[in-house]
Amino acid sequence: MRVLNYLELERYLGPSGIRTAASQQRAALETTDVDVVTSPWDGRNPATAAATNLGNGSLWADFDVVHANLIGPGTIAVAKHARRHDIPLILHAHVTREDFQESFRGSNLVSKPLGWYLRWFYSQADLVLCPSEYTRRVLESYPVSAPIRPMTNGVDLASLEGYGKFRASAREKHDLDGVVVFAVGQVFERKGLSTFCRVAQQTPYDFAWFGPYSTSPLASKTVKRWTEDPPENVTFTGWVDDIREAYGAGDIYLFPTKTENQGIAVLEAMAAEKAVVIRDIPVFEEFFTDGEDCLKAETDAEFREAVERLAEDPELRERLGENARETAEEHSLDRVGEELVSVYEALLDGRDPIED
């Protein structure tokens, strides 16, 4: 079986959850019998495909299933090709109207027409995959007419091995000391930026956000305000070459995000056996249990109390971290690979991919 795992504009996406999710799909399939191709063209791009195949037939590569991860014009072209040639089409819903909000300047205004577009776009699929039951409910509310199946993004446990060796160097590099509260990922207000900074202002601990932030005109006013003039105990590291720096340096993972489809970085922090504090939102009800593998909070005061409680109780941090590792292992890429193969085979055999 040959599967096109397509991520449009991949080389331009930079560090993002979508790019991580697509990379993890490919890694999950490495130990299976699936032959993965990442370009739909018989060449690096349509231009080289045309030059290579001038007068000799199609520009398209050969594949049995399309599994596409983005929502742009390249993916629309691939989807049309799949429909014309009766190739099963899977569209992976990493983007929703809700999680687009509070990302960039003007994103809230764009989110409403984006929702209309996504309803049409995802409805083309033979199957929509999404990271959670929560996301399925969101898509059904648009409504998307294609069948929808939740499937975890998973977490690449192997890629995080050895994070501990970065502890001393990362702390020295970013001037961090004592109990370190940290976050990982692109800096957006939707990710809980203001709460992160306000909690830092109310505590004596070092806070660090590992991940890139925009300084372009597209950056939101909130991101500019906090990153240009952060609280004294907050460090915005920008891009880091090896994300294990973050998981080595930090002790308490604070993620007061407002909306998520799953949260790959949460699973990474759990895989690194970190004590995790997250916002009590519907999507996290599916995966994480307050007091068992994390602490949940809603208000700034509750987040501060959770951070202080963990900072003062190393045994609690250790217990939550050990349980969190067990949770992360339930989302291993081996399991993701098995489920993907099951879905592909069901579509090719004409079986219901939801029931399979």
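Bear in mind that the values in this text are calculations on the coordinates, not laboratory data. Not measured: the values here are computed from a predicted model. In this analysis, Cβ positions are derived from the backbone assuming ideal geometry, glycine residues included, and neighbour counts consider all displayed protein chains.
Structure summary
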| quantity | calculated |
| --- | --- |
| Cα gyration tensor shape for the stretch 158-330, rounded if a/c is under 1.5, else prolate or oblate | rounded |
| Within the chain: Cβ-based charge dipole about Cα centre, in debye rounded to nearest 20 (Lys, Arg +1; Asp, Glu -1) | 1760 debye |
| Extension gain from residue 62 to residue 280, taking 0.36 nm per residue of separation minus the Cα-Cα distance | 74.0 nm |
| Residue 312 versus residue 239: modelled label distance in nm, points set 7 Å from Cα along the beta carbon direction | 4.2 nm |
| Cα-centred dipole magnitude for the stretch 158-330, charges only on beta-carbon of K, R (+1) and D, E (-1), debye, nearest 20 | 760 debye |
| Extended-chain gain in nm, criterion 0.36 nm per residue less alpha-carbon gap, residue 169 and residue 119 | 13.3 nm |
| Net charge contributed by nearby residues that have their C-beta within less than 11 Å of residue 70 (K/R +1, D/E -1) | -1 |
| Which listed pairs, of 112/221; 224/296; 274/296, have C-alpha distances above 25 Å, in listed order | 224/296 |
| Charge-dipole axis of the stretch 158-330 as Lys and Arg at +1 and Asp and Glu at -1 on Cβ define it, positive-most pick from 252, 307, 220 | 220 |
| Selection from 332, 295, 34 lying farthest towards where the dipole of the chain points positive, charges on Cβ | 34 |
| Residue 228-residue 133 FRET efficiency (beta carbon distance; Förster radius 45 Å; 0.05 resolution) | 0.70 |
| Euclidean distance of C-alpha centroids, the stretch 286-356 and the stretch 116-176, integer Å | 12 Å |
| Efficiency of FRET from Cβ geometry, residue 84 and residue 300, R₀ 41 Å, rounded to 0.05 | 0.15 |
| FRET E, pair residue 352, residue 109, Förster distance 35 Å, beta-carbon r, rounded to 0.05 | 0.35 |
| Additional length obtainable on full extension of the chain from residue 1 to residue 141, 0.36 nm per residue less Cα span | 47.0 nm |
